[in-house]
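Q: Below: one structure in structure tokens.
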Amino acid sequence: MLACLGIEVAATAASAVQALAVVHDACPSAVLVDVGLPDRNGIDLAYELAELPWVPRVVLMSADREASIAVRGRPGAIPPPFVAKAELDVETLRRALFD
């Protein structure tokens, strides 16, 4: 889907620790984060990534549609866009990344 949008995939990561290393190395303009990570809550990671100096666009994804409720609970922070994996298609991803 990312290739269809003309987006180059810099890297993938299987954990939050790997994701942080990749993001700090590559400084991407956008990051897709799964809510369910093996080593850390993906929502916490998404908020941390959104505060990086170059302010990457962070989009959260989950197979659990109800996870979107947990995304909105941060006082003083703008919640990252959330896309349920069942609804993930090229157009939905484009809107989440670019709107």
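Since every read-out is calculated from the coordinates, none of them should be taken as a lab result. Because the structure is predicted, anything quoted here is derived from the model rather than measured. Cβ sites come from the backbone with ideal geometry, for glycine too, and all protein chains shown count toward neighbours.
Q: Scan around Val83 for amide H atoms under 5 Å from its own, H built in the peptide plane at 1.01 Å from N, and keep only partners 5 or more places away or cross-chain.
A: Leu60, Met61, Ser62
Q: Additional query: Assigning unit charges at the beta carbon (Lys, Arg +1; Asp, Glu -1) and nothing else, what dipole magnitude in debye, to the nearest 20, does the chain show about its Cα centre? Please list the in-between numbers first.
A: On the way: 8 positive and 13 negative charges, 36 e Å.
It works out to roughly 180 debye.
Q: I would also like to ask the following. 222 nm [θ] for the chain, helices only, -39500 (n - 2.57) per DSSP H run of 4+, per residue, to 500? Let's see the in-between values first.
A: Details: 4 runs with 34 residues, N = 99.
Theoretical 222 nm ellipticity from helices: -9500 deg cm²/dmol.
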